[in-house]
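Inspection log for the structure reproduced underneath, given as structure tokens.
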Amino acid sequence: MGVLGTWNYPLGTIFVGAAGALAAGNRVIAKPSEVSANAAEASERLVRRYFAEEEFAIVQGGPDMAQAMTALPFDHILFTGSPAVGRKVYEAAAANLTPVTLELGGKCPAIVGKGASLAQVCESLVFGKLLNAGQTCIAADYAFVHVDQMESFVAALRAQVAKCYPNAASNPDFTSIINDRQFARLQGLLDDAEAKGATVLNLSDNGDGTLPERHRIVPLAVLDVTDDMAMMQEEIFGPILPIMPYRSEDELIRYVNRHERPLALYYFGDESEERRKIISETHAGGVTLNGTVMHVFQRRLPFGGIGQSGIGAYTGVASFERFTHYKPVFSQPKLSLLGQLLPPYSSKTEGLLNIFEKIL
């Protein structure tokens with residue numbers, strides 16, 4: 001097994017995948033992301049302490065190392081990361097016909113039903129969206145809110161941010177963006193949206209909410225977004241939440257289905273028919289009802305994407321199944337009917353086939 005991890009959850013994306021692979025009887029070579037260098041060094045140190053190298057080994061390096069790994073004839077490759085890099089991994093693995101599991105990102109929608117409690121919605125949404133400052137592949141990427149509740153929703157969201165992250169610019173419980181490159185990317189998304197008519201709301205305090213010297217962006221909401229804005233075309237991966245109004249379920253279902261399939265979908269509300277319609281008429285890698293991100297922690301459920309958001313699912317029992325080849329073995333008994341099925345065929349053969357048909 002080859003395992004390639006990410007910088008945003010550098011331990012989880014290495015060790016959760018490796019645990020499933022080892023449980024299924026594989027040996028593992030894993031490469032942590034070079035972006036989170038301290039975590040990569042800690043991973044290597046721990047693995048060297050507890051595993052023989054031929055069982056589980058950590059290798060370090062940049063894109064060249066990742067490229068070299070994906071060109072090796074592994075029995076399976078697990079990659080977690082962006083769709084752009086996932087395509088490269090898939091292409092490299094295809095040269096050896098190596099099976100892959102790709103856990104990618106996606107624009108995960110949060111749908112707020114008209115009858116949902118906004119206080120409860122925002123409690124879950126703030127937790128899931130601002131975990132790791134939004135640098136989470138299953139974070140809600142945008143929220144659909146009924147047009148009649150937009151103002152109330154923004155007020156409830158602001159109140160929950162104030163409760164969890166007062167003065168987010170300096171709050172030690174709120175983390176920063178990983179590096180200059182990611183900060184500049186997020187700043188570019190904000191600049192593009194504002195230039196095209198969007199309204200950016202600072203949910204924490206005053207000012208524009210960006211602190212380049214600290215790589216920090218406070219929780220921001222974005223209103224009046226349109227599809228031509230860059231933040232509506234790519235995964236945001238930061239503490240920025242576009243909020244879109246809707247008038248009918250059909251309207252939001254059409255929007256979700258018109259775009260790439262998300263890694264996760266979140267629905268808030270207690271109306272069973274509305275819930276059934278949204279779940280049955282949209283596609284997503286996984287769903288949490290009346291909450292966010294919690295489906296990934298349920299070890300009896302597989303975790304994985306669909307379409308643009310990934311290939312294959314793992315964690316828990318699903319890891320054993322995903323990283324195992326079930327090799328069927330049949331032993332032919334000495335007493336066999338094979339001789340009765342050989343040509344030349346007769347009415348007796350036809351009779352046996354009719355019996356088999358009834359049994360099967």
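The values are calculated or read from the model by the stated rules, or taken from the named source; none is laboratory data. What you see is a predicted model; the values in this text were computed from it and never measured. So basically every Cβ, Gly included, is an ideal-geometry build from the backbone, and we count neighbours across all protein chains shown.
Structure above, values below:
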quantity	calculated
Extreme residue, surrounded by the fewest Cβ atoms within 10 Å (Cβ to Cβ), among residues of region 258-277 that are touching a residue at least 12 places away in the same chain (Cβ under 8 Å) and farther than 19 Å from A139 by Cβ	D270
Number of positions in region 17-36 that are among the hydrophobic types (A, V, I, L, M, F, W, C) and touching a strand residue (DSSP E or B) at 6+ places or on another chain (Cβ under 8 Å)	6
Flag if D173 is touching a residue at least 24 places away in the same chain (Cβ under 8 Å), surrounded by fewer than 19 Cβ atoms within 10 Å (Cβ to Cβ) and either out of contact with any Asp or Glu (no Cβ under 7 Å at 6 or more places or on another chain) or not assigned by TED's automatic domain parsing to the domain that holds R261 (or both)	no
Scope region 95-129; condition touching a helix residue (DSSP H, G or I) at 6+ places or on another chain (Cβ under 7 Å) and more than 20 Å from S152 (Cβ to Cβ); matching residues	V100, T101, L102, L104, G105, G106
Among residues of region 72-82, those that are assigned to a loop (DSSP other than H, G, I, E, B) and under 12 Å from T98 (Cα atoms), counted	5
Answer residue from region 231-257, given it is surrounded by fewer than 19 Cβ atoms within 10 Å (Cβ to Cβ) and under 16 Å from L186 (Cα atoms) and is farthest from the chain's Cα centre (by Cα) among those	Q233
Some residue of region 292-305 being under 26 Å from G2 (Cβ atoms) and touching an Asp or Glu at 6+ places or on another chain (Cβ under 7 Å)	yes
Test: E123 is within 26 Å of G286 (Cα to Cα) and either part of a loop (DSSP other than H, G, I, E, B) or out of contact with any Cys (no Cβ under 7 Å at 6 or more places or on another chain) (or both)	yes
Hits in region 43-71 - residues which are part of a helix (DSSP H, G or I), without any contact (Cβ under 8 Å) to a residue 24 or more places away in the chain and surrounded by 13 or more Cβ atoms within 10 Å (Cβ to Cβ)	E44, L46, V47, R48, A68
For T324: the one exception among (1) in contact (Cβ under 8 Å) with a residue 60 or more places away in the chain; (2) more than 19 Å from the chain's Cα centre (by Cα); (3) more than 30 Å from K88 (Cα to Cα)	(3)
Among (1) in contact (Cβ under 8 Å) with a residue 24 or more places away in the chain; (2) surrounded by 16 or more Cβ atoms within 10 Å (Cβ to Cβ); (3) farther than 20 Å from G105 by Cβ - the single one D228 does not satisfy	(2)
Of all residues making up region 301-350, the number that are surrounded by fewer than 11 Cβ atoms within 10 Å (Cβ to Cβ) and of a type outside the set (S, T, Y)	17
Criterion: in contact (Cβ under 8 Å) with a residue 24 or more places away in the chain, surrounded by fewer than 21 Cβ atoms within 10 Å (Cβ to Cβ) and either more than 18 Å from C108 (Cα to Cα) or of a type in the set (A, V, I, L, M, F, W, C) (or both) - qualifying residue of L190, L223	L223
Flag if V287 is β-branched (V, I, T), without any contact (Cβ under 8 Å) to a residue 60 or more places away in the chain and under 30 Å from D148 (Cβ atoms)	yes
Some residue of region 193-208 being within 22 Å of the chain's Cα centre (by Cα) and touching a residue at least 12 places away in the same chain (Cβ under 8 Å)	no
Only listed residue being touching a residue at least 24 places away in the same chain (Cβ under 8 Å), touching a strand residue (DSSP E or B) at 6+ places or on another chain (Cβ under 7 Å) and assigned to a helix (DSSP H, G or I), chosen from L102, L157, L130	L157
Selection from region 296-313 of residues that are at pLDDT below 95 and either at positive phi or not in a loop (DSSP other than H, G, I, E, B) (or both)	V296, F297, G307, Q308
Per-region count, region 73-88, residues hydrophobic (A, V, I, L, M, F, W, C) and under 20 Å from G20 (Cα atoms)	4
Subset tally (residues that are surrounded by 22 or more Cβ atoms within 10 Å (Cβ to Cβ) and among the small types (G, A, S)) for region 1-25	6
